[in-house]
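Structure first, commentary second.
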Amino acid sequence: MKKIINPWKEEEGYCCFGCAPGNEAGVKMEFYEDGDEIVSIWKPRPEYQGWIDTLHGGIQAVLLDEICAWVVLRKLQTTGVTSKMETRYRKPVDTRDSHVVLRASLKERKRNIVFIEARLYNQDGELCTEALCTYFTFPPEKAREEMHFQRCDVEPEEILPLI
């Protein structure tokens, strides 16, 4: 696995709820490339619960939507927006878990519309939530001009993320 370099980490005004490391209220996701998949290992926190010790479904949707966006960034080298998200909650996620693992990959592409599958697993590797996101992708020139996106690269060395 290789760590994905956040292309906006030095961008002034960058405060994404999903991936900005400086957003104190955000979930601060980091991403890795593992073959055809994008992976994120994330630590649940009690302030993101719905019911007692249960990760809020809206936060789960944020995590799944965000990792799908990073599939677009890394695998298609452009940006885009979510146009539809179908989410299936299969099993509650405990906020006391040491971590959750998210995995996403490109399922299908029809010109500028892409379909991305994402899954969220608990610390025991059980599938808890899955989503199918439909993204409208931007032409590279629009991504550059409006989103300040140049490229999404990975660190050169292989790593094993700490779980």
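Every number in this text was worked out from the coordinates using simple rules, so none of it is lab data. Predicted model only: the values in this text are computed from it and were never measured. Because the Cβ atoms are built from the backbone with ideal geometry, glycine has one as well, and the counts that use them run over all protein chains shown.
Dipole check for region 13-163: with +1 at the C-beta of Lys and Arg, -1 at the C-beta of Asp and Glu, and the Cα centre as origin, the magnitude is about 560 Debye. For the chain, the longest principal axis of the C-alpha atoms and the axis of helix 57-76 are separated by about 30°. The smallest convex shape that holds all Cα atoms of region 2-147, its convex hull, gives 108 Å³ per residue. With q set to 0.19, 0.24, 0.26, 0.29 Å⁻¹, the log10 of I(q)/I(0) for region 103-163, from the Debye formula over equal scatterers at the Cα positions, is -0.97, -1.03, -1.05, -1.09. Among A25, A104, A61, which one shows the highest mean-square fluctuation when the chain is modelled as a Gaussian network with alpha-carbon springs under 10 Å? Of A25, A104, A61, the Gaussian network model singles out A25 as fluctuating most.
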